[in-house]
1. What are the residue pairs meeting all of these: first residue in the stretch 317-332, first residue under 16 Å from Trp147 (Cα atoms), second residue of a type in the set (D, E, K, R) and open to solvent by 10 Å² or more (accessible area, probe 1.4 Å), Cβ atoms under 6 Å, and 6 or more apart or on different chains?
2. Give the residues of the stretch 196-238 that are surrounded by fewer than 22 Cβ atoms within 10 Å (Cβ to Cβ) and touching a Ser or Thr at 6+ places or on another chain (Cβ under 8 Å), sorted by residue number.
3. Specify the residue that is nearest to His353 (Cα to Cα); the eligible residues are those in the stretch 311-340 that are open to solvent by 20 Å² or more (accessible area, probe 1.4 Å) and in a strand (DSSP E or B).
4. Find all pairs meeting these conditions: Cβ atoms under 7 angstrom apart; at least six residues apart or on different chains; first residue within the stretch 183-195 and of a type in the set (Val, Ile, Thr) and open to solvent by less than 50 Å² (accessible area, probe 1.4 Å); second residue in a helix (DSSP H, G or I) and at pLDDT 95 or above.
5. Filter the stretch 264-287 down to residues that are of a type in the set (Ser, Thr, Tyr) and in a helix (DSSP H, G or I) and give me whichever is most open to solvent (accessible area, probe 1.4 Å).
6. Return yes when Ser231 is part of a helix (DSSP H, G or I), among the small types (Gly, Ala, Ser), touching a residue at least 12 places away in the same chain (Cβ under 8 Å) and in contact with a strand residue (DSSP E or B) (Cβ under 9 Å, 6 or more places away or on another chain) and no when it is not.
7. When Ser46 is evaluated against the numbered criteria (1) touching a residue at least 40 places away in the same chain (Cβ under 8 Å); (2) loosely packed, with under 10 Cβ neighbours inside 10 Å; (3) of a type in the set (S, T, N, Q), which criterion, by number, is the only one it fails?
Amino acid sequence: MFAERTNWNLAPNRLSEALRHHRASGKPLFDLTVSNPTACGFEYESEAILAALGDAGSLAYTPDPRGLGSTRKGVAAYYSEHGANVSIEDIILTTSTSDGYSYIFRALCNPGDELLIPSPSYPLFDFLADIQDVKLVRYGLIYDHGWQIDLHGLESAITARTKGIIVVHPNNPTGHFLKETERTWLSEICASRKIGLIADEVFLDFVLGKDQPATLAGNMGALTFVLSGLSKVAGLPQMKMAWMITSGPEELKKEALNRLEVIADTYLSPNAPAQLATPVFLKQRHAFQKQLIGRVRRNLAELDRQLAAQKVCSRLETEGGWYAVLRVPATRGDEELAMELLERKNVYVHPGHFFDFAADGYLVISLISRDEEFAEGMKLLLSLF
């Protein structure tokens, strides 16, 4: 009766079951996976946020497949601050980056076509691809005192059915920003093979180094789609507001936008209150981002302090984002280790395989937990070894 594409194994895994039982028991829990900024104690400009949602323009329905012009101007201004000249005509608003991915997959791919995705990376892609009847092919990220794309492996993975390459800039969870040489190479390979370049930049603003890496918005070397949204940029996932920006050779860009506009028109643009408030939210993002990146830096420093006091575990280098990757003794599977940490130490972490790490010996932790909870959680975690 049901489609094969949705025939997922929906049985809870051992770790999620253990977490459910742990929460129900009332035991203390040090959650080092938290990713919801609204639950992490950050201060928001509540009155301004609520006032922005009260715009009287929300009482009128003025549909536009690409989204309200005033909202797209606000998004364009955000990219102007990043040094990119983006036309509002190249912006399409969506309710989430997941919607943006779905639109792009539909515009580029026939059933069974392929998209290349980085590994390690976030597991959401698998579900998006299943729903859109697209096949994912992984290319590796190599770690050697920092992350880099396995360019040879990526090129070898391209076939006649490849329709695009997905990059996450910076990657989640590795924190790897694309280097200039990688950006140039990707544009050249995409142009020569006539495939799209799809860049997820939701964590672009969260930089741990001194220099802000450039956005791919406005990239002219190949047909390029850039995705981002308020969920991470302004710490407002509940507002359900995101966008995609199309650039590249003029004819290709025009054709892509025409097709994307029909898809967007079919599903209708996001709700008016969130659209009208978005320019305000984008202007407010700096206060939120200052708090969050400050906490990430403090937690990273605390992590390094605790790691320096022992010799068994270490962390991999990161350049941005909200996460850190721990290298731990591979004496048992990552899921088994995560179970043991939960049961014996009341600490919840992501096993590396959740993010498609190829081998055991990796745990992924969030850096946006409250300072005290993070410090105590890490102390308990390291006491297991």
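1. Ala324/Arg315; Leu326/Arg315
2. Correct list: Val202, Leu208, Gly218, Met220, Gly221, Ser231, Pro237, Gln238.
3. Arg327
4. Here the result reads Ile189/Glu155, each pair linking the stretch 183-195 to a residue that is in a helix (DSSP H, G or I) and at pLDDT 95 or above.
5. Going residue by residue through the stretch 264-287, those that are of a type in the set (Ser, Thr, Tyr) are 266-267, 269, 278.
Then keep just the ones that are in a helix (DSSP H, G or I); that gives 266-267, 278.
On the way: Thr266: 100, Tyr267: 156, Thr278: 0 Å².
Checking each candidate, the answer is Tyr267.
6. Taking the combined requirement at face value, the residue satisfies it.
7. If we test Ser46 against (1) touching a residue at least 40 places away in the same chain (Cβ under 8 Å); (2) loosely packed, with under 10 Cβ neighbours inside 10 Å; (3) of a type in the set (S, T, N, Q), just (1) comes out false.
Each row is one residue, and each column tells you yes or no for (1) of a type in the set (Ser, Thr, Tyr); (2) over 30 Å from Gly69 (Cα atoms); (3) touching a Leu at 6+ places or on another chain (Cβ under 6 Å).
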| position | (1), (2), (3) |
| --- | --- |
| Val262 | no, no, no |
| Leu268 | no, no, no |
| Gln275 | no, no, yes |
| Gly294 | no, yes, no |
| Arg298 | no, yes, no |
| Val312 | no, yes, no |
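The values are calculated or read from the model by the stated rules, or taken from the named source; none is laboratory data. Just so we're clear, the structure is a prediction, and the values are computed from it rather than from any experiment. Here the Cβ is made from the backbone with ideal geometry for all residues, glycine too, and neighbour counts use every protein chain on show. Please note that ligands, DNA and RNA were not included when accessible areas were found on the heavy atoms of the full protein model with its side chains. Shrake-Rupley method; radii C 1.70, N 1.55, O 1.52, S 1.80 Å.
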